[in-house]
1. Angle, helix 25-37 long axis vs. longest principal axis of the chain, Cα atoms, 0 to 90°, nearest 10?
2. To the nearest 10 degrees, how steep is helix 52-61 against the longest Cα principal axis of the chain, on a 0 to 90 scale?
3. Would you calculate the separation in nanometres between label points at Ser78 and Ile21, each defined as 7 Å from the Cα along the Cα-to-beta-carbon direction?
4. Place a point 7 Å from the Cα of Ile45 along the Cα-to-Cβ direction; which residues of region 69-90 have their backbone N under 12 Å from it?
5. I need the Debye-formula profile for the chain: one equal scatterer per C-alpha, no solvent, reported as log10 I(q)/I(0) at q = 0.10, 0.11 1/Å, two decimals.
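Coordinate-derived values only; no laboratory data. Please read all numbers here as calculations on a predicted model, not as lab measurements. As a convention, Cβ positions derive from the backbone with ideal geometry for all residues, glycine included, and neighbour counts pool all protein chains shown.
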Amino acid sequence: MPKKLNCTAMIHGRAEGDISIAVIGREAWALLELVEAGPAGCTPIDNPAPRWSHYVWLLRGHGFTVETIDEAHSGPFSGTHARYLLHDNVTLDGGNLDEWRPQGVRYPREPGVAA
């Protein structure tokens, strides 16, 4: 297993210009999952992790725009779960990202181009 993920995220297209942010650990992992999910977003059901809401809270604290959508689910433990959508155009680079994604980040659209 690779070491704790760390990389640099670049938020593109902001009025004040591009913003560079260092992310590490589960926060970096959650951002990687959000970037690769694209407009479909991520849920703790499809992308299991113990504290998605906390990772999103941390990312918002860095200035990332992440929307939370409540979705209903059925079954013996019916209820609701969150779907998280990243609304920023973000590219990831550096750190040990290549250990986590040897073939490169799977961007759903061309990196650096506004959605």
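1. So the inclination is approximately 80 degrees.
2. The helix 52-61 is inclined about 40 degrees to the chain.
3. Here the modelled spin labels are 3.7 nm apart.
4. Residues passing the 12 Å test: 70-83.
5. Here the Debye-derived log intensity ratios amount to -0.29, -0.36.
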